[in-house]
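Student: Before I ask anything, let me first share the structure, which is written out below as structure tokens.
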Amino acid sequence: MNRILYFVFFFLAISCNSSQNSTEEANSETAGNKYASGEKVYQANCVACHQSEGEGVEGVFPPLANSDYLMADKNRAIKQIINGSSGEMVVNGITYNTIMPPQPLNDEEIKDVMNFILNSWGNKGGEVTLDEVKAQR
Ligand code: HEC
């Protein structure tokens, strides 16, 4: 008898667990989905320099996480993605004078990656539209 009860509980526990897991997965997918395409663009094009948490490399690649420079001017950031960037810039009090090559992305990808970096790693930078990206071409 005990053994049967044990099996019943065992299977109940497994089935509860798995249904709970799938709800959790579904929830996190809905939460992450909004910027998922931008995250893909980031992983493929930006992560090597700006790093996985957007922290950059001090003095070489400026951070995108909590960057006063990024938050100050979204159109400038769009332009930098399109045309690349060189020359001196000060990000969070640290001077960078290095080179970011132009990024070979279409307008949709730029909108997606902008919205990803504006809303990741604690950033709350709002969003850009496709028209705002087009206007910087
Ligand atoms: C090869 C390395 C490299 C890659 C790849 C790269 N960047 Fe950069 N990025 C830099 C450097 C270096 C600077 C600073 C350039 C300067 O000093 O003028 C910069 C500056 C920036 C800035 C403005 C400064 C700041 O921190 O707010 C933004 C925004 C930015 N990059 C976004 C991106 C995005 C989005 C991508 C991917 C689509 C990307 N970068 C890909 C190297 C890179």
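Student: Tell me the per residue accessible area of the stretch 34-134 using a 1.4 Å probe; a whole number in Å² is fine. List each step's numbers first, then the result.
Tutor: Values: 5350 Å² over 101 residues.
In whole numbers, the stretch 34-134 has 53 Å² accessible per residue.
Student: Just reorder VAL57, VAL47 by solvent-accessible area, largest first, 1.4 Å probe, all chains present. Please list the in-between numbers first.
Tutor: Values: VAL57 55, VAL47 35 Å².
Final ranking, largest accessible area leading: VAL57, VAL47.
Student: Still on this structure: How large a share of the accessible area of the stretch 48-111, in percent, is made up of carbon and sulfur atoms when the probe is 1.4 Å and the other protein chains stay in place? Intermediate results must be reported in sequence, preceding the final value.
Tutor: Values: 1820 of 3530 Å².
So the carbon and sulfur contribution to the accessible surface is 51 percent.
Student: Oh, and also: Compute the relative contact order of the stretch 34-134 as a whole-number percentage, counting only Cα pairs closer than 8 Å that sit 6 or more residues apart in sequence. Don't jump to the answer; show the numbers that get you there.
Tutor: On the way: 147 pairs, mean separation 30.9, N = 101.
Answer for the stretch 34-134 is 31 percent.
Student: Could you tell me whether the stretch 39-91 comes out rounded, prolate or oblate from its Cα gyration tensor? Rule is a ≥ b ≥ c as square roots of the eigenvalues, rounded for a/c under 1.5, then prolate if a/b exceeds b/c, otherwise oblate.
Tutor: Values: a/c = 1.45, a/b = 1.17, b/c = 1.24.
Because its axes are fairly even, with a/c under 1.5, the stretch 39-91 counts as rounded.
Student: Output ³J(HN,Hα) for the stretch 101-111: one whole-Hz value per residue in order, computed from phi by the Karplus curve 6.51 cos²θ - 1.76 cosθ + 1.60 with θ = phi - 60°, and x for Gly and Pro.
Tutor: Each residue's phi maps through the Karplus curve to give x, x, 9, x, 10, 7, 4, 4, 5, 5, 4 Hz.
Student: I would also like to ask the following. Given charges of +1 on the Cβ of Lys and Arg and -1 on the Cβ of Asp and Glu, with all other atoms neutral, how large is the dipole of the stretch 34-134 about its Cα centre, in debye to the nearest 20? Don't skip to the answer; put the middle values down first.
Tutor: On the way: 8 positive and 14 negative charges, 18 e Å.
Magnitude of the dipole: close to 80 debye.
Student: Taking θ as phi - 60°, what are the ³J(HN,Hα) couplings along the stretch 116-127 by the Karplus curve (6.51, -1.76, 1.60), each to the nearest whole Hz, with x for Gly and Pro?
Tutor: So the J values, rounded to whole Hz, are 5, 5, 6, 10, 10, 6, x, 5, 10, x, x, 9.
Student: Same structure, new question: Under 19 Å Cα to Cα from LYS79, which lysines show up? Leave out anything in the same chain fewer than 8 places away.
Tutor: Those lysines meeting the cut-off are LYS111, LYS134.
Student: Using each residue's phi in the stretch 56-67, evaluate 6.51 cos²θ - 1.76 cosθ + 1.60 at θ = phi - 60° and report the 3J(HN,Hα) Karplus result to the nearest Hz, with x for Gly and Pro.
Tutor: x, 10, 3, x, 10, 10, x, x, 9, 6, 6, 8
Student: Classify the stretch 89-137: rounded, prolate or oblate, from the alpha-carbon gyration tensor (a ≥ b ≥ c, eigenvalue square roots; a/c under 1.5 rounded; otherwise prolate if a/b is larger than b/c)?
Tutor: Values: a/c = 2.23, a/b = 1.30, b/c = 1.71.
Here the stretch 89-137 falls in the oblate category.
The values are calculated or read from the model by the stated rules, or taken from the named source; none is laboratory data. In this text, all values refer to a predicted model and were calculated from it rather than measured experimentally. Heads up, the Cβs are rebuilt from the backbone with ideal geometry, glycines too, and the neighbour counts pull from every protein chain shown. Each accessible area value is taken on the protein alone, full model and side chains, heavy atoms only, with ligands, DNA and RNA left out. Shrake-Rupley method; radii C 1.70, N 1.55, O 1.52, S 1.80 Å.
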